[in-house]
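Notes follow the structure.
The values are calculated or read from the model by the stated rules, or taken from the named source; none is laboratory data. Nothing here was measured: the structure is a model prediction, and the numbers come from that model. Using ideal geometry, Cβ is built from the backbone for each residue, glycine included, and neighbour counts are taken over all protein chains shown. Accessible surface areas use protein heavy atoms only, side chains included; no ligands, DNA or RNA. Shrake-Rupley method; radii C 1.70, N 1.55, O 1.52, S 1.80 Å.
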Amino acid sequence: MESLVIRGNAFTVQDKYHVQYLADCLVCIDSDGWIERVLVPEDKDYERVLIAARQHHQLRELAEGEYLLPGFIDLHVHAPQWPQAGLALDRPLADWLNVYTFPLEARFNDRVFARKVYKDFVRTLLAHGTTTAMMFGTIHVDANMVLVDECRQQGLRGYVGQVTMDNPDQTPDYYRDHSAEEALAASEQFIQRVQASPDPDDLVTPVITPRFVPSCTDEALAGLGQLAAKYDLPIQSHVSESNWESQYAIDRFGMHDAEVLDHFGLLTARAVMAHGTQLTDGDMQLLRQQQTAIAHCPISNIYFGNGVLPVHRLLKMGNKVGLGSDISGGYTPSLYHNIRQAVKSSRMLTDGVDSKRPVEQRGVANSQITAATAFYLATAGGAHALHLAAGRIAVGCRADLQVVRAHQMWGKPSTADTFERLMYQTEAADIKGVYVNGHLVYEN
Ligand SMILES: [Zn+2]
């Protein structure tokens, strides 16, 4: 028996390259928050279900110009960096880390500060149509539990990580795990506290989170690989984000960054690695073999990535790819903005940027992706990475949805035009409602 029926025009992913349009459909959601049926007007049950839902006051009818979309899945975001989103992006990386990021993250030993930031941050993600987020916390178990609590209270599906960073060479004295042993104990304590606390809507999953290879000792990396196996948990980190990170792994281990992660048991089918702008063909093959997903963070990559991830090629080869905002390497929590940047960056990769070079030597041919593919990354691609039945408007998926108002269209636009306009022009103010597990968790 459905507890909610949403009636309206909807867009959902058909495959990596195409969008499906459902005109005047009924999305029927059961009392556990799953989509149990999607009916179109031609279906013989359509009228009966519509009338019953209306009688039982279980019907939401979208207004003219509104569309139903799957909620977005942000595969890579640093929750404690929310207060500095949009700051220091003109500074060199060392300043960005040492003057801004590390001092800010260190402040999360104060739970009151953590509560203030995380309450606002979770609300902001929902307000931008994000229904699932894979998040880094800090090294503080108590503050990370505040983030877990905000996800549950506000209804965001959260994958939350206790960050590990114990390498004295690459972390400041005031913000570091004092030893690998202490770091691993904190990670395990966090896992146990999340798993022991009530979660009636099944919203939060703890995540094994080495900050990245440079900030961890060998002992910590090995221990985290073992913890991930022991508790069968997802893993998140960064891989080959920049020239510096790639070279660091070679200098310290004589291996590529991806190979180091694999060596320590951190490239698994449940792992999500951010960026990957400097991955070699061999690294990509390794990720593919291990079924490890890449979180593409196109806005952040402009500032810190030293290159553009070849998304089109990765998808063609069968790598798992989703989309991340990477607050605050990226300045916006909006995956709409990241969808746009993913398309724009792919076009620049195709054409190249140095007009002094001969045309045929400027870019990487056939690298462009469309808005439909970028939408796939933000929805079904992210769900695939997380093994989550979500990211689509389809039977058997979680009812994680957003209601969006399209900007004025002139004449008689095609559905393809309407979709493209939604991808390019939707802002938070246009997002009228957000559902997670069929519950209305945000309304505007
Ligand atoms: Zn990151």
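Here are some notes:
- Looking across the stretch 258-287, just one residue is within 16 Å of the ligand (Cβ to nearest atom) and either open to solvent by 30 Å² or more (accessible area, probe 1.4 Å) or not assigned by TED's automatic domain parsing to the domain that holds CYS216 (or both), and that is GLN278.
- Taken over the stretch 196-234, residues that are within 19 Å of HIS256 (Cβ to Cβ) and aromatic (Phe, Trp, Tyr) amount to 1.
- The residue of the stretch 55-85 that is nearest to the ligand (Cβ to nearest atom), among those that are closer than 26 Å to ASN338 by Cα and among the small types (Gly, Ala, Ser), is ALA79.
- Test: LEU26 is assigned to a strand (DSSP E or B), more than 16 Å from the ligand (Cβ to nearest atom) and open to solvent by less than 10 Å² (accessible area, probe 1.4 Å): yes
- When GLN425 is tested against (1) of a type outside the set (D, E, K, R); (2) out of contact with any His (no Cβ under 8 Å at 6 or more places or on another chain); (3) open to solvent by 70 Å² or more (accessible area, probe 1.4 Å), just one condition goes unmet, and that condition is (2).
- Residues satisfying the criterion are absent from the stretch 414-421 (criterion: open to solvent by less than 10 Å² (accessible area, probe 1.4 Å) and under 22 Å from the mean Cα position of the chain (by Cα)).
- Considering residues of the stretch 156-187 that are crowded, with 19+ Cβ neighbours inside 10 Å and among the aromatic types (Phe, Trp, Tyr) only, the residue farthest from ILE294 (Cα to Cα): TYR175
- The C-beta contact set for the stretch 234-251 (first residue over 23 Å from SER187 (Cβ atoms), second residue open to solvent by less than 10 Å² (accessible area, probe 1.4 Å) and away from the ligand (no atom under 15 Å from the Cβ), distance under 9 angstrom, 6+ apart or interchain) comprises SER240/ALA249; SER240/ALA258; SER240/ASP283.
- Test: residue in the stretch 204-217 that is open to solvent by 10 Å² or more (accessible area, probe 1.4 Å), more than 20 Å from the chain's Cα centre (by Cα) and modelled with pLDDT of 95 or more: yes
- The one condition in (1) of a type in the set (Phe, Trp, Tyr); (2) touching a Lys or Arg at 6+ places or on another chain (Cβ under 8 Å); (3) not assigned by TED's automatic domain parsing to the domain that holds GLY137 that TYR46 fails to fulfil: (2)
- Against the conditions (1) buried (at least 24 other Cβ atoms within 10 Å of the Cβ); (2) away from the ligand (no atom under 16 Å from the Cβ), HIS296 satisfies every one except (2).
- A search for C-beta distances below 8 Å between a residue of the stretch 285-298 that is closer than 16 Å to HIS238 by Cβ and of a type in the set (D, E, K, R) and any residue that is open to solvent by less than 10 Å² (accessible area, probe 1.4 Å) and modelled with pLDDT under 95, counting only pairs 6+ apart in sequence or on different chains, returns nothing.
- For PRO358, the requirement of being within 16 Å of the ligand (Cβ to nearest atom), on the phi < 0 side of the Ramachandran plot and modelled with pLDDT of 95 or more is not met.
- Qualifying residue in the stretch 381-401 (condition: surrounded by fewer than 18 Cβ atoms within 10 Å (Cβ to Cβ), more than 26 Å from GLN58 (Cα to Cα) and more than 19 Å from the chain's Cα centre (by Cα)): no
- Residue check, ILE294 outside any helix (DSSP H, G or I) and in contact with a helix residue (DSSP H, G or I) (Cβ under 8 Å, 6 or more places away or on another chain): yes
- Counted as qualifying within the stretch 175-275 are the helices (runs of 4 or more DSSP H) with 1 or more residues that are farther than 30 Å from VAL99 by Cβ, namely 180-196, 218-231, 257-263.
- Single residue of the stretch 31-47 satisfying the filter (charged (D, E, K, R) and under 34 Å from the mean Cα position of the chain (by Cα)) that is most open to solvent (accessible area, probe 1.4 Å): ASP32
- Note on the stretch 362-376: among residues that are of a type outside the set (D, E, K, R) and open to solvent by 70 Å² or more (accessible area, probe 1.4 Å), the one that is nearest to the chain's Cα centre (by Cα) is THR370.
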